[in-house]
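The values are calculated or read from the model by the stated rules, or taken from the named source; none is laboratory data. Everything numeric here is computed off the predicted structure, so don't read it as measured data. Reconstructed Cβ throughout: ideal geometry from the backbone, glycine too, with neighbour counts over all protein chains shown. Note: areas computed on protein heavy atoms with side chains; ligands, DNA, RNA excluded. Shrake-Rupley method; radii C 1.70, N 1.55, O 1.52, S 1.80 Å.
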Amino acid sequence: MAEPTRVDAVSRRTVLKGIAGAAGLVSIPAIIAACSSTTSSSAPSAAASTGASTPPASTAPGASTAVGTVHVGSNHSDPGEKGAMEAINAAFTKDTGIAVVLNTVDHGTFQDQITNYLGGTPDTGYTWFSGFRLKFFADQGFNIPIDDVWAKVKGNFTDGFAQSVVGNDGKVYGIPVDYYPWAVFYRKDVFADKKYTVPATWEEFVALCTKMQADGLTPIAFGDKDGWPAMGTFDILNLRLNGYTFHTDLLAGKAKWTDPKVTKVFEQWAKMIPFQAKDYAGLTWQQAADTLVQKKSGMYLLGLFVSSQFAATKKPEDIAALDFFPFPSLGTEFDAEKALDAPIDTWQIAAKSPNLATETDTAKAYLEYWAKGATQELMFKGQPGLIPTANDANTSSYSDLQKKAVEVVSAAKRITQFLDRDTRSDFAGSNGMQSFLLKFLADPTQDLTKYQASIQAFWDQLPPLV
């Protein structure tokens, strides 16, 4: 029943920690994509982790008499995030009288051991990903549905966020609490100097790339040494050409990689490759981002964490110049979905918690509390890379980039989690799609029928997930 193993060399939290400490730039979201779950032989436990508890309601300042307890497991292990968790739990106890026992586990360890954790003696409430990762554990019976909670709070979320927490059975299994988007990033000063216009359509995008190339720029910065960045390009092209439903069905194994719809994606991508950086295979995403910072490249399709490389220069003019736009429309019926990758984190309830019988109601109250913008703002203060999902979150302190991220994601009717969150990890890993995408990039004119068949054959030989 364990989910296949994959280990990521760089965690999202590693980048978060570095950006939170960047001088004068703590308001810039910086989260690395490609956070994928892995498994291990043992589960996180309160005894083995760095735990913390809020005071019982009777001892917390201004608190009422406790009416119960809830045990929660969190991967918010960085100092800013952990402090925010403690502030949230204290506020929750004060407002509800419910005591919170917080089990904080290092982010990497939490991911590595999540399957065994949920199958053992998990905390009642816990943090985890949305999308396929949420559906996977719901299918295994590791989560309980929370439709009753969702009925109370759904008005505080966009349709895109709502879709991200629905299981394969149509039931709701989580509360979305933070996110960050993928988009096309560029320097406003370069666009102004060269008199470039932000493209809205594919034709305008190609024309801009052609002009940039003539001006001596690499039109599209690109680095795929780590294997996962190319997934973002596949995602957005498939979403624009074939729509959210086909995209998620393909990554879940319900649609075939030999489908002609997939062929269209690779054919469209082949048209972009002449404009992408030629040395992509030897560049990390950071090195590719540096070419945008240094005005050697004109655009870069990546997550909002690209801002970390602009922050690293410690030059205010660099971060002030950073801007982005949604990937251009491709003239299909699916353009209207405005779908995009915007990985979302959630709170869920573990079905195998030894305390579930006595904590179902308190856990649901805890998740309902997290659906409020005021709660999510407390986490945002501790870690400004985690943008709140709630409609009623106060955005007055947001940077321009964060405000724009809210606008773009709010307009999206469908939100995906990035390829390696939206599919099984042994398919997304270095022996799977990472390798297949590199093979395509190396020879985009190859026989696509044969190429796509090899991807499907790889999927077909994977062991059952259950």
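List of remarks:
- The number of residues in region 377-394 being closer than 18 Å to V172 by Cβ and open to solvent by less than 30 Å² (accessible area, probe 1.4 Å) comes to 2.
- G223 being at positive phi and either surrounded by fewer than 16 Cβ atoms within 10 Å (Cβ to Cβ) or in contact (Cβ under 8 Å) with a residue 60 or more places away in the chain (or both): no
- Among the residues examined, T124 does not qualify as free of Cβ contacts under 8 Å to residues at least 40 places away in the same chain, hydroxyl-bearing (S, T, Y) and buried (at least 24 other Cβ atoms within 10 Å of the Cβ).
- For first residues located in region 404-424 and among the small types (G, A, S), partners that are part of a helix (DSSP H, G or I) and open to solvent by 20 Å² or more (accessible area, probe 1.4 Å) and lie 6+ apart or on another chain with Cβ distances below 9 Å form the pairs A412/D159; A412/E337.
- Checked against (1) closer than 17 Å to F334 by Cβ; (2) open to solvent by 30 Å² or more (accessible area, probe 1.4 Å), V262 passes all but a single condition, namely (2).
- When we screen K413, K404 for residues that are in contact with an Asp or Glu (Cβ under 7 Å, 6 or more places away or on another chain) and either open to solvent by less than 60 Å² (accessible area, probe 1.4 Å) or assigned to a loop (DSSP other than H, G, I, E, B) (or both), the only hit is K413.
- Top-ranked residue of region 443-457 - restricted to ones that are under 17 Å from K271 (Cα atoms) and without any contact (Cβ under 8 Å) to a residue 60 or more places away in the chain, ranked as most open to solvent (accessible area, probe 1.4 Å): D447
- Top-ranked residue of region 416-430 - restricted to ones that are of a type in the set (S, T, N, Q) and not in a helix (DSSP H, G or I), ranked as nearest to E337 (Cα to Cα): T416
- Boolean, D345 is closer than 21 Å to F418 by Cβ, open to solvent by less than 50 Å² (accessible area, probe 1.4 Å), charged (D, E, K, R) and not in a helix (DSSP H, G or I): yes
- Any hit, region 141-149, residues being of a type in the set (F, W, Y), over 16 Å from V177 (Cβ atoms) and modelled with pLDDT under 95: no
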